[in-house]
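Colleague: Next up is a structure, given as structure tokens.
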There are 4 protein chains.
Amino acid sequence: MIIQLKNNIEPAQKEAIIKKVNSFKYEANEVKTQKGTYLIGIGSKEFDIRQIGNLAGIADIHIVSDSYKLVSRKWKVKQSVVDLGDGITIGEGSLAIMAGPCSIEGEEQIVETIAHLKANGIKIMRGGVFKPRSSPYAFRGMGIEGLQLWYKHAKEAGMKIVTEVMQVSQIEPMLDYVDVFQVGARNTQNFNLLDALGQVDKAVMIKRGISGTIDELLYSAEYVFSGGNEKLILCERGIRTYETASRNTLDLNAIPILKEKTHLPVVSDPSHGIGIRRHVEPLALASVMAGADGVIYETHSNPYKAFSDGQQTLDFRESEQLIRKLRATYDLLCSF
Amino acid sequence: MIIQLKNNIEPAQKEAIIKKVNSFKYEANEVKTQKGTYLIGIGSKEFDIRQIGNLAGIADIHIVSDSYKLVSRKWKVKQSVVDLGDGITIGEGSLAIMAGPCSIEGEEQIVETIAHLKANGIKIMRGGVFKPRSSPYAFRGMGIEGLQLWYKHAKEAGMKIVTEVMQVSQIEPMLDYVDVFQVGARNTQNFNLLDALGQVDKAVMIKRGISGTIDELLYSAEYVFSGGNEKLILCERGIRTYETASRNTLDLNAIPILKEKTHLPVVSDPSHGIGIRRHVEPLALASVMAGADGVIYETHSNPYKAFSDGQQTLDFRESEQLIRKLRATYDLLCSF
Amino acid sequence: MIIQLKNNIEPAQKEAIIKKVNSFKYEANEVKTQKGTYLIGIGSKEFDIRQIGNLAGIADIHIVSDSYKLVSRKWKVKQSVVDLGDGITIGEGSLAIMAGPCSIEGEEQIVETIAHLKANGIKIMRGGVFKPRSSPYAFRGMGIEGLQLWYKHAKEAGMKIVTEVMQVSQIEPMLDYVDVFQVGARNTQNFNLLDALGQVDKAVMIKRGISGTIDELLYSAEYVFSGGNEKLILCERGIRTYETASRNTLDLNAIPILKEKTHLPVVSDPSHGIGIRRHVEPLALASVMAGADGVIYETHSNPYKAFSDGQQTLDFRESEQLIRKLRATYDLLCSF
Amino acid sequence: MIIQLKNNIEPAQKEAIIKKVNSFKYEANEVKTQKGTYLIGIGSKEFDIRQIGNLAGIADIHIVSDSYKLVSRKWKVKQSVVDLGDGITIGEGSLAIMAGPCSIEGEEQIVETIAHLKANGIKIMRGGVFKPRSSPYAFRGMGIEGLQLWYKHAKEAGMKIVTEVMQVSQIEPMLDYVDVFQVGARNTQNFNLLDALGQVDKAVMIKRGISGTIDELLYSAEYVFSGGNEKLILCERGIRTYETASRNTLDLNAIPILKEKTHLPVVSDPSHGIGIRRHVEPLALASVMAGADGVIYETHSNPYKAFSDGQQTLDFRESEQLIRKLRATYDLLCSF
């Protein structure tokens, strides 16, 4: 049960509502986000919600039978759109294209990538400054200095930044330089990190876990939303299966299923989803046809020299071609 | 190593080639198909194939390092096209759309399905007369009588038939009534069945195993091809994973990977791949963008009354809409 | 619902029972096995079974809510024991040890394997004469002649034979030489083969599918049982997962789960379950502690020269040691 | 390459070694643990290590071809034993039994659990005070106060504590009250947490990831070891597969494989591994036979009232019986 409270609700009214909710043996969890205040009623008994709905201070009330509540589409039929400012959005009504290198490597790379993206009308750049690596001996990213350098150039170019945050203590120093915090596939169920991102007024993109279920992804989003942040994007990036011919198995089934279960935008990451450069394009286009609100992929001026993930990274010529085809595919889909 | 023999090769020439092949400690397996005769050399030592290539009677010779040989793209860069007659083909250069019910149920259903397909320009109809069922107590199909009834109407309408064969002893009675023998996902590694289908001059469509790898699918095709039948089609139909939100996980990664590894046509089955009616369309369109040479899906005049698989079967209105969108998607892809 | 009929039931009595069953909108499937005659009622309405139970000719009647019926433990609390004759059994009350080579290779190998087994008190020998192979170019077994040769020596030694049958047409020629027909992991859902094995009065051991569920294994057994053969053994042999450090993932969870769901004996195949010779022993012993009624493993006088599966095959010294430890482990378990 | 340095090495000697290592284009990572100092050489060129080995200050030098180094068995044939003090160890030479509730719930529960364990000679108690929960609305544990309360009673009883740490910021406050930090299956690749645990002189038990590979588990251990902490234990707790009849699929193959790859102790968690109370015992005993150095399981005075995981938790009578059987099984294994 989700109770949307009026903005001008008085404390006594709220107390009365909570009391009423409790009287049905429901807990009432208060959630205050950038956009509103909600009471999430958690319980199992059935009752007539009109007994609550007519109390003063309530804007609307919804029954949500899913065990995730705020991210469910059951109470919010209209898809949410995440606004990054400057007219840049992720969500229904447009196709968000996000591109950039696996790792931020240095100024030259930043500058040439921004130039490539700008020339093609792309306004959101991806890149890693903290890299989760299986081996402790591998390159772990340029860190906060790399992010600041990147930010300087991105700001000038009007480019938004999406980058991975790996732990709670990084949030604060990253905050001023990031437009979308990415939660990586190994951290999808790092609940402390999700809790902390609930406190922040920045968009958060959660990748599906290495072998995460669709429901677990929704629960992870519920953590952030119930913490107070509803600027959320979900990302399908391939799951682990027995098949070894591709790095992961991109699960495009997840796109329409997620879009039906949640009002949050859903994007696809074909680079990690297949892990083979020459096959990124067909999977990116397929993602659009499957209904993705956006695509995030890796590109680099010289993939063969990339510090990481070169085998799945497009060069700028391939990237340019992909962008053109992505737009044509999206246009066709809209015309249906 | 694949040695293509000349059509007019003399016995003594062939013997000389085999002798030479054996001299390098390679076995020589002779394969005679509808289209030609091949010697497949199996061995491990490396040597200069020009030592064989200049023998009399050889049309061409290729090194194929894959452990599957005849289905590999390494010796046949041009994609194969399977010709069903009457100008109906499956393979590069067109999008094959195959549709029809899960089970053939009776004459009325046959007639109305054919009418629907014909009205929409579809020329290949799917349907099951022998149904593999987990439980021995479930409906097992109309059998050979159902097939004959179906054939009567299909022939009149110029409609080709694709239907599943479950065991060797069914091949003979089915032969006259079938255009494409389908090998189901539970039979992908039924090697006796594959051997027997190698003896037949009818097209064979092999579905990927329930949890079959891409390589296993290619090996299964190699069984049929090396048995003497090169009219082969591969079909991605979803794999078994831990995710329970969909019936299977349609692995669209497999489409470009297969198309690179083999010259055989590759089609997609979104009905089984996701198993949820309202999501079949996006996955079908995504399959085309991923590069599939065709799509096979389930349709029924009244899915709610279908004997089997109703939950993933489109009604005729949905089917009509899907056909229109499939064609538009394929046209866009061709325009790139 | 399972209705056990009296042996001396009269036709009119049976008819009356079927009529009564049908009156509750239940189908009545008659099953006649080596041990008795059953009517399997398939339907969904609930009713008081005493309304049927008191009809003449009924020995007993049981409600079985599982969708598999005859193999369920719900109607047969006592575990079934499969009797191979000569006092050799598989099932509760003893530990069945079955060993032998992957492939039968020739007379010398047969003779020395029998000698090894006999010296260690083992009375069931495994071996393959028809080999399912991914590649059509690999060794496919010695066939029926190999079986006959093997049988000659086994009979002399009082040794029982368990060997894989791959297709319906092999059953008849194999029948006189086989004690246990093995259905391989690629054929677990070859329903025609299962149907045909239901007609035979020989024990059948069904391996779990490559990525078969526990329920699918039970359904497959139901096929054979409902066909008329209740001499059934189930075999856990590892499932396909994402882990590549072992050939398969031996699922020992399946042992106690199967033993609770079915009255059939359950054995374990650690050779295929892990696929690494030096680790077969710990997994074999673990299988016993998990509750397996038996163990089947591969042994060869010289694993390095075995035609197939050498990497997971024990030599005779290792085999001897394993047998000793298996027995000690089983004794400990019995003492608990 | 692992270079073990002498304890009394002089700075100039170390510098000379590093210089030499670098001269072969190898990076030299210095690792200082509780037990010694190592230089880990990371590079790919092959050379004769005797060129380094005879430098002053080197105790020993080993080539380790695995990509994990310090946890590899290639340089340390003897298994490591983790000493928790007071004569309590985990590792070869004894069977470590760890038991306790899923969640610490209050003083009464703590006291009665300790009494049960003590009466049965168990000296390591498990329990959760920070609980990772899929849903943000579920019970998240008693936190640090619960841990302190538990510690008070455990210390009195001479009981060691193993409990999960979920994030870096919890390490410091937990440090004085914990004997073994447990890294949960959702945090196996939380590299920041692993890094931080490398700085601590307390034992760390790393659970295999939800769908983690064996190699990933070893890499995660390498993070902690290379951070400076070699008191490490690995734990198999079941992996995610397509099978839904059990909570997870306990992968006992992993036990002998891990024991061969690493010198670290390996324990098994059958409670999470199967997730069904009445089947925990057979899987626990099987784990011992598979070679586990210990078993960790859940027990509660009244599983039906446990705050979490009640369905897989043994009551004290079942626990007592299990302990007895575990010891008998281990004794048998030692007698082989």
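Colleague: Looking only at the protein assembly as shown, where both bridge partners belong to it, what percent of the DSSP beta bridges are antiparallel (to the nearest 5)? Could the numbers behind the result be given before it?
Modeller: Numbers: 70 of 182 bridges.
In the protein assembly as shown, DSSP labels about 40 percent of beta bridges as antiparallel.
Colleague: How many Cβ atoms of partner chains, on average, are near each residue of A:190-198 if near means within 10 Å of its Cβ?
Modeller: Values: counts 9, 12, 10, 4, 1, 3, 2, 0, 1.
Across A:190-198, the average partner-chain Cβ count within 10 Å equals 5.
Colleague: A further question on this structure: Please tell me the relative contact order of the stretch A:2-62 in percent, rounded to the nearest whole number, where contacts are Cα pairs under 8 Å and at least six residues apart.
Modeller: Values: 86 pairs, mean separation 30.2, N = 61.
RCO, the stretch A:2-62: 49 percent.
Colleague: Further question: Cut-off is 10 Å between beta-carbons; in what order do A:Glu281, C:Glu30 appear when sorted fewest neighbours first?
Modeller: Details: A:Glu281 23, C:Glu30 14.
Ascending number of Cβ neighbours within 10 Å: C:Glu30, A:Glu281.
Colleague: Here's another thing I want to ask about it. Quick check: the distance between the Cα centres of the stretch B:304-334 and the stretch A:180-200, to the nearest angstrom?
Modeller: Rounded to whole Å, the Cα centres lie 39 Å apart.
Colleague: Sticking with this one: Specify the angular offset, from 0 to 90 degrees and rounded to the nearest 10, of the alpha carbon long axis of helix A:277-290 from the longest principal axis of the alpha carbons in chain A.
Modeller: Helix A:277-290 sits at roughly 30 degrees to that axis.
Colleague: Let me ask something additional. Quick check on chain B: of the DSSP beta bridges with both residues there, what percent are antiparallel, nearest 5%? List each step's numbers first, then the result.
Modeller: Working: 17 of 45 bridges.
Of the beta bridges lying entirely in chain B, close to 40 percent run antiparallel.
Colleague: Cα axis of helix C:107-119 to longest principal axis of chain C: angle in degrees, 0 to 90, nearest 10?
Modeller: 70
Colleague: Using Cα springs under 10 Å in a Gaussian network model of chain D, which residue among D:Ser134, D:Ser169, D:Ser67 shows the largest mean-square fluctuation?
Modeller: Greatest mean-square fluctuation among the candidates belongs to D:Ser134.
Colleague: Summing -39500 (n - 2.57) over the DSSP H runs of n ≥ 4 in chain C and dividing by its residue number, what mean residue ellipticity at 222 nm do you reach, to the nearest 500 deg cm²/dmol?
Modeller: Theoretical 222 nm ellipticity from helices: -10500 deg cm²/dmol.
Colleague: Here's something else I'd like to know. Step by step: find N for the stretch C:2-62, compute 2.2 N^0.38 Å, then divide the Cα radius of gyration by it. What's the final number?
Modeller: 1.01
Colleague: Determine one quarter of the surface area of the Cα convex hull of the protein assembly as shown, which equals its mean projected area, and express it in nm² to one decimal. Walk me through the numbers before you get to the answer.
Modeller: Numbers: hull surface 222.9 nm².
Orientation-averaged projected area of the Cα hull: 55.7 nm².
Colleague: Return the loop-located trypsin sites (Lys or Arg not before Pro) in the stretch C:12-46 (DSSP other than H, G, I, E, B) with at most 13 other Cβ atoms within 10 Å of their own Cβ; answer none if there are none.
Modeller: Loop-located and lightly packed - C:Lys25, C:Lys35, C:Lys45.
Colleague: Using the C-alpha atoms of the stretch A:203-300, what convex hull volume per residue, in cubic angstrom, is computed?
Modeller: On the way: hull volume 9.1 nm³, N = 98.
In the stretch A:203-300, the Cα convex hull volume per residue is 93 Å³.
Colleague: Count of lysine pairs in the stretch C:82-335 with Cα atoms under 12 Å apart, counting only pairs 8 or more residues apart in sequence or on different chains?
Modeller: Lysine pair count for the stretch C:82-335: 6.
Colleague: Pop out the ³J(HN,Hα) list for the stretch C:123-138 in order, Karplus 6.51 cos²θ - 1.76 cosθ + 1.60 with θ = phi - 60°, rounded to Hz; leave Gly and Pro as x.
Modeller: 10, 10, 10, 9, x, x, 10, 10, 10, x, 10, 4, 9, x, 8, 8
Colleague: Please order D:Lys131, A:Lys207 by the number of other Cβ within 10 Å, starting at the fewest. Walk me through the numbers before you get to the answer.
Modeller: Values: D:Lys131 21, A:Lys207 26.
With the sparsest Cβ surroundings first, the list reads D:Lys131, A:Lys207.
Colleague: What is the fewest-to-most order of C:Asp293, C:Asp309 by other Cβ atoms lying within 10 Å of their Cβ?
Modeller: Details: C:Asp293 27, C:Asp309 20.
Ordered from fewest to most neighbouring Cβ atoms within 10 Å, C:Asp293, C:Asp309 come out as C:Asp309, C:Asp293.
Colleague: So what's the stretch A:81-335 giving for Rg/Rh, alpha carbon basis, Kirkwood Rh from the mean inverse pair distance? All intermediate terms of the calculation are to be shown ahead of the outcome.
Modeller: Working: Rg = 16.5 Å, Rh = 17.9 Å.
Rounded to two decimals, Rg/Rh equals 0.92.
Colleague: Using per-residue counts of other Cβ atoms within 10 Å, averaged over each peptide, order C:117-124, C:76-83 from highest down.
Modeller: Values: C:117-124: 17.4, C:76-83: 15.1.
Result, highest mean first: C:117-124, C:76-83.
Colleague: For the stretch C:165-276, give the share of DSSP beta bridges that are antiparallel, in percent and rounded to the nearest 5; count only bridges with both residues there. Mind dumping the intermediate values first?
Modeller: Details: 1 of 12 bridges.
Antiparallel: roughly 10 percent of the beta bridges in the stretch C:165-276.
Colleague: How tilted is helix B:214-227 with respect to the longest principal axis of chain B? Cα atoms for both, answer in degrees (0 to 90, nearest 10).
Modeller: 70
Colleague: Further question: Which value, in Å³ per residue, describes the convex hull spanned by the Cα atoms of the stretch A:21-172?
Modeller: Working: hull volume 27.0 nm³, N = 152.
Given the Cα convex hull of the stretch A:21-172, per-residue volume reads 178 Å³.
Colleague: Could you list which residues have their amide H under 5 Å from that of B:Tyr297, counting only those 5 or more apart in sequence or on another chain, with H placed in the peptide plane?
Modeller: B:Met98, B:Ala99, B:Gly100
Colleague: Taking amide H positions as placed 1.01 Å from N in the peptide plane, with prolines and chain starts having none, which residues 5 or more places from C:Gly128, or on another chain, fall under 5 Å of its amide H?
Modeller: Amide H to amide H, under 5 Å and 5 or more residues apart or across chains, C:Gly128 pairs with C:Ser103, C:Ile104.
Colleague: A further question follows. How high is the relative contact order of the stretch B:82-335? Use alpha-carbon pairs under 8 Å, at least six apart in sequence, and give a whole percent. If you can, show how the numbers build up before the last one.
Modeller: Working: 520 pairs, mean separation 46.8, N = 254.
Here the relative contact order equals 18 percent.
Colleague: Let me ask something else about it. Evaluate peptide C:253-262: per residue, the Cβ atoms of other protein chains within 10 Å of its Cβ; return the mean as an integer. Walk me through the numbers before you get to the answer.
Modeller: Details: counts 20, 5, 4, 10, 6, 1, 2, 3, 1, 0.
Per residue, the average neighbour count from other chains is 5.
Colleague: Can you list the equivalent-ellipsoid semi-axes of the stretch B:39-112, largest first and in whole Å, using the square root of 5 times each Cα gyration tensor eigenvalue?
Modeller: Numbers: eigenvalues 364, 44, 25 Å².
That gives 43, 15, 11 Å for the three semi-axes.
Taken together, the values in this text are just the output of simple stated rules run on the coordinates, not laboratory data. Computed from a prediction, not measured in an experiment: that's the story for all the values here. All Cβ positions, glycine included, derive from the backbone under ideal geometry; neighbour counts span all protein chains shown.
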